[in-house]
Amino acid sequence: WYPYVPPTAGPDGAVYVGSIGTIYRISPEGVIDWEYNPPDGINIEVSPTIGPDGLLYGAFELSGAFAIEPQTGQVVWENPGNPVMTDKSGDATTAVFGPSGPGQPDDRFYLSMDGGAGFYAFSLDGEQLFTSSFGNIKGTTEVAIGSDGTIYGPRSIGLLVAAVEPNAGTTLWEYFPQWAVGTDHVEIGPDDTLYFRSDGGSKIEAFDPDSESPKWKTASEYA
């Protein structure tokens, strides 16, 4: 009826999409293979995404995070979150995965809502590890994950960029770019350089997380 979150393609060509309170698996031929509608959930808020172990991860408002077997639609686990996940804006986000430390496999699952605790970290078996205060001016955000598992994202309605370690959620550092309008997105390059924009998208900065200092800044002619 209405695609609340972006569709995700699996390795076998099937497509997973959420519409209001339901997830659908659509075969490569366009046939609906199964649908899942959690009895305690309402809107799908985090796009169903294939994880590193092959399961489908995402989150509904109220019923919370889930892992589903993508071939059959069987629920492996659900966790409503503590505090329970809610979302007011309806801004969709995508599940993000990362390792617990350098050289480790991706074994963490991160999601963002604009209600409840906001940002949640889970193990792939459904245990809630911690919550944090990532969030941009819209209330929801997608974080970037470093090669060593460090989590990077906007904080304080995007006026800061923060680094958080992946096991207990301890803040490692915060950086204030001194922009009038907060950043709304953080990306990470193959060398772990962070890239973010602010002031309405008119300024872009490259940042070295090791030295905690900018590499370069640039601004459009309209800044």
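Using a 1.4 angstrom probe on the protein heavy atoms only, line up 88, 217 by accessible area, largest first.
Details: 88 160, 217 120 Å².
Ranking 88, 217 by accessible area, largest first, yields 88, 217.
What's the center-to-center distance, using Cα atoms, between the stretch 154-207 and the stretch 52-130 in Å? Spelled out, the Cα-based centre of one part sits 22 Å from the other. Per residue, the solvent-accessible area of the stretch 39-182 (1.4 Å probe, heavy atoms of protein chains only, all protein chains present) comes to 38 Å².
Based on a Kirkwood Rh over C-alpha pairs, give the Stokes-Einstein translational diffusion coefficient of the stretch 1-157 at 4 °C and viscosity 1.567 mPa s in µm²/s. Let's see the in-between values first.
Values: Rh = 15.5 Å.
Rounded to a whole number, D works out at 84 µm²/s.
Carbon-plus-sulfur fraction of the accessible area of the stretch 147-223, 1.4 Å probe, in percent? Spell out each step's value before the answer.
Numbers: 1980 of 3950 Å².
After summing per-atom areas, the C and S share lands at 50 percent.
In the complete set of protein chains, residue-level accessible area for residue 50 is approximately 40 Å², probe 1.4 angstrom.
For a test of the definition: using alpha carbon positions, the gyration tensor, and the 1.5 limit on a/c, classify the stretch 1-94 as rounded, prolate or oblate. Intermediate results must be reported in sequence, preceding the final value.
Details: a/c = 1.81, a/b = 1.44, b/c = 1.26.
Prolate.
Below 11 angstrom from the Cβ of residue 79, what's the summed charge of the other residues (Lys, Arg +1; Asp, Glu -1)? Show your work: numbers first, answer last.
Details: positive: none; negative: 78, 125, 127.
Neighbour charge sum, excluding residue 79 itself: -3.
Using 0.36 nm per residue and subtracting the Cα-Cα separation, the extra length available between residue 165 and residue 213 on full extension is 15.4 nm.
The values are calculated or read from the model by the stated rules, or taken from the named source; none is laboratory data. Owing to the predicted nature of the structure, the values given are computational and were not obtained by experimental measurement. Quick reminder, even Gly has a Cβ in these numbers, built from the backbone with ideal geometry, and neighbours come from all protein chains shown. When the accessible area is computed, the model is the full protein with side chains, heavy atoms only, and any ligands, DNA or RNA have been set aside. Shrake-Rupley method; radii C 1.70, N 1.55, O 1.52, S 1.80 Å.
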